[in-house]
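Contents: one structure, followed by commentary.
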Amino acid sequence: ELEAIADELTAAVGLGGRARRLGDPAERARKTVSWRLRSTLDRIDREHPALGRHLLQHRAQAEVYALKDNLPAAIDQLQTALRAGDGDFYQLSSTEARLKALRAQWATQRDKEQRDKDDSARGPNRR
């Protein structure tokens, strides 16, 4: 019940906390599209459970990006996986741990690139 109340309160507020106008055609269209999308995804989850495993699909895509050394894309996929909300506790925990590791790896890689850039700007004989 608390989740349903929170969803209703969230739906009542627009971007930046601005109030939504009641009866506004754009608002009605937004609600219709949101409802249709949600109901379609629910139906897909029921009819084809494998297609509904968004967390695992994004996690797998993240690993492909990580293997290709595209860490920003891998991090983005893991963040999307966590937002999917369809995994169990173990899947969510392991995805969070992998995201933390990739963020640390990305930070180390950026720091090394920055140091290399600074060293090359100083010249070959200056340290």
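For segment 25-79, how big is the tail of P(r) above 16 Å, as a whole percent of Cα pairs? Walk me through the intermediate numbers first.
Details: 870 of 1485 pairs.
For segment 25-79, the fraction of Cα-Cα distances above 16 Å is 59 percent.
Can you order the peptides 103-116, 56-69 by their average number of other Cβ atoms within 10 Å per residue, highest first?
Final packing ranking: 56-69, 103-116.
Add +1 for every Lys or Arg and -1 for every Asp or Glu among the other residues with Cβ under 13 Å from the Cβ of ILE44, and state the total.
Numbers: positive: ARG36, ARG38, ARG43, ARG46, ARG53; negative: ASP42, ASP45, GLU47, ASP86.
Around ILE44, the charge tally is +1.
Using only protein heavy atoms and a 1.4 Å probe, report how much of ARG122 is accessible, in Å² to the nearest 10.
Approximately 120 Å² for this residue.
The values are calculated or read from the model by the stated rules, or taken from the named source; none is laboratory data. Note that the coordinates shown come from a computational prediction; the quantities given were computed from them, not determined experimentally. Every residue, glycine among them, receives a Cβ derived from its backbone with ideal geometry; neighbour counts consider all protein chains shown. Just so you know, the surface numbers come from the protein's heavy atoms only, side chains and all, with ligands and any DNA or RNA stripped out. Shrake-Rupley method; radii C 1.70, N 1.55, O 1.52, S 1.80 Å.
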